[in-house]
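K.L.:
Please find one structure pasted underneath; my questions will follow.
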Amino acid sequence: MKLKEITSLLKGHLTGESEKEIQGVGSLEEAQRGEITFMEKAHHLSLLQKTHASAVILPEDLKETFQNEIDKNQTPQRGPSLLWVKNPRLAFLQVMKLFWKEENFGDGIHPTVLIAEGTKIDPTVAISPYGVVGGGVEIGARSRIGPFVYIGPNSRIGYDCLIYPHVTLMEGVEIGDRCILHPGVVLGSDGFGFVQDGSAHRKVPQMGKVILEEDVEVGANVTIDRATLGVTRIGKGTKIDNLVQIAHNVEIGEDSLLAAQVGIAGSSKIGKRVAFGGQSGLADHLIIGDEVQIGAQAGVTKSFPEKTVISGYPARPHAQAMRIYAAMQRLPDLIKKIEKLLKS
């Protein structure tokens with residue numbers, strides 16, 4: 001695309017040559033001629049001066065500061081063209097989509113796919129080789145399904161979904177519109193439910209279901225267990241990183257974020273826009289309010305109200321956790337002082 005076309009798309013203001021041909025995107029450090037990149041922090045100015053990119057997207061509220069510094073170090077003829085916008089990161093995302101090609105799973109249903117009776121599959125759906133579709137399944141328009149995907153009986157998939165290879169949807173799973181499931185996802189596996197009868201662990205039947213609402217993205221090798229009774233529910237817009245485990249009857253609110261290796265025990269209720277750091281974990285039957293932020297590796301053993309920032313193990317308000325951590329660093333010196341006092 002011509003740079004002037006990108007400028008028009010982003011509704012930005014351009015400094016420099018507008019006829020440049022843009023053929024791709026790259027990072028500020030690695031972009032080459034013909035590529036566009038972005039920068040949003042003033043302290044990255046040295047990287048801007050070294051970049052080989054043909055164009056750089058910059059924040060318009062820092063235009064005067066950046067332009068003055070740029071003019072001191074390079075001429076417009078030698079440097080990249082500068083595209084000023086309100087939000088460089090969001091603008092760059094729009095540009096990335098122009099050059100990004102999603103994996104193509106072909107058109108139509110491959111002849112090796114096994115389809116049971118009683119399905120409702122929109123004619124625009126693409127299903128790759130060696131898939132299995134159970135009876136009573138419904139798949140909405142324009143959804144694309146990769147190879148070796150299992151879709152259990154009576155499951156429902158919305159429109160414009162993207163399901164990568166080796167995904168398993170057990171019986172009765174429901175997926176809303178525009179969801180993305182990465183390789184190895186398992187939805188609807190049995191919850192971890194057993195009763196001790198004095199001599200053995202007796203399995204509790206897991207008779208509920210899993211529901212993903214609209215615009216949910218689930219990372220590779222994530223497991224979300226079906227409810228014992230009722231529903232395990234993931235709210236719309238929630239994004240889940242790789243290797244996350246969500247147990248039976250958990251409910252997660254809208255637009256939450258779960259980083260890699262998070263674990264949530266059964267029947268916990270998570271509010272809207274909650275952010276989980278990597279390897280954090282929740283005990284069972286907890287209630288976490290809206291917009292709570294949970295630090296990496298935090299071990300949450302009790303419920304917390306909305307807009308709390310927590311960290312540590314056991315998790316507590318972040319400021320308190322940091323004071324405890326700082327005090328722990330002083331323990332060796334304090335022990336020496338106590339020993340010295342005891343000897344005196």
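K.L.:
Of the residues Leu45, Leu58, Leu14, only one is among the aliphatic types (A, V, I, L, M), assigned by TED's automatic domain parsing to the domain that holds Val85, in a strand (DSSP E or B) and touching an Asp or Glu at 6+ places or on another chain (Cβ under 8 Å); which?
P.N.:
Working: Leu45 fails: in a strand (DSSP E or B); Leu14 fails: touching an Asp or Glu at 6+ places or on another chain (Cβ under 8 Å).
On inspection, the qualifying residue turns out to be Leu58.
K.L.:
Taking Lys269, is it out of contact with any Lys or Arg (no Cβ under 8 Å at 6 or more places or on another chain), within 22 Å of Ser189 (Cβ to Cβ) and without any contact (Cβ under 8 Å) to a residue 40 or more places away in the chain? Before you say what the answer is, go through the steps one by one.
P.N.:
Values: out of contact with any Lys or Arg (no Cβ under 8 Å at 6 or more places or on another chain): yes; within 22 Å of Ser189 (Cβ to Cβ): yes; without any contact (Cβ under 8 Å) to a residue 40 or more places away in the chain: yes.
It is true that Lys269 is out of contact with any Lys or Arg (no Cβ under 8 Å at 6 or more places or on another chain), within 22 Å of Ser189 (Cβ to Cβ) and without any contact (Cβ under 8 Å) to a residue 40 or more places away in the chain.
K.L.:
Can you confirm whether Asp215 is farther than 20 Å from Ser143 by Cα and among the charged types (D, E, K, R)? Even if it seems obvious, please write down each step before you answer.
P.N.:
Numbers: farther than 20 Å from Ser143 by Cα: no; among the charged types (D, E, K, R): yes.
Spelling it out, it is not the case that Asp215 is farther than 20 Å from Ser143 by Cα and among the charged types (D, E, K, R).
K.L.:
Consider Leu162 against the criteria (1) crowded, with 20+ Cβ neighbours inside 10 Å; (2) under 24 Å from the mean Cα position of the chain (by Cα); (3) of a type outside the set (Lys, Arg): it satisfies all of them except one. Which criterion is unmet?
P.N.:
Among (1) crowded, with 20+ Cβ neighbours inside 10 Å; (2) under 24 Å from the mean Cα position of the chain (by Cα); (3) of a type outside the set (Lys, Arg), the lone unmet condition for Leu162 is (1).
K.L.:
Here is a follow-up. Determine whether Leu243 is aliphatic (A, V, I, L, M), assigned by TED's automatic domain parsing to the domain that holds Ser280 and on the phi > 0 side of the Ramachandran plot.
P.N.:
Working: aliphatic (A, V, I, L, M): yes; assigned by TED's automatic domain parsing to the domain that holds Ser280: yes; on the phi > 0 side of the Ramachandran plot: yes.
Considered against the rule, which asks whether it is aliphatic (A, V, I, L, M), assigned by TED's automatic domain parsing to the domain that holds Ser280 and on the phi > 0 side of the Ramachandran plot, Leu243 comes out as yes.
K.L.:
With among the small types (Gly, Ala, Ser), in contact (Cβ under 8 Å) with a residue 24 or more places away in the chain and assigned by TED's automatic domain parsing to the domain that holds Pro153 as the only criterion, which of Ala200, Ala227 stands out?
P.N.:
The unique qualifying residue is Ala227.
K.L.:
Follow-up. In the range 238-254, which residues are without any contact (Cβ under 8 Å) to a residue 24 or more places away in the chain and of a type outside the set (Val, Ile, Thr)?
P.N.:
Passing the criteria: Lys239, Gln245, Glu251.
K.L.:
Regarding Glu35, is this residue outside the structural domain of Val149 (by TED's automatic domain parsing) and modelled with pLDDT under 95? Explain how you work it out, then say what you get.
P.N.:
On the way: outside the structural domain of Val149 (by TED's automatic domain parsing): yes; modelled with pLDDT under 95: no.
It is false that Glu35 is outside the structural domain of Val149 (by TED's automatic domain parsing) and modelled with pLDDT under 95.
K.L.:
Can you tell me which of (1) surrounded by 19 or more Cβ atoms within 10 Å (Cβ to Cβ); (2) outside any loop (DSSP other than H, G, I, E, B) is the one Gln206 doesn't meet?
P.N.:
Exception for Gln206: condition (2).
The values are calculated or read from the model by the stated rules, or taken from the named source; none is laboratory data. The structure displayed is predicted, hence computed values, not measured ones. With ideal geometry, Cβ positions are generated from the backbone for all residues, glycine too; neighbour counts draw on all protein chains shown.
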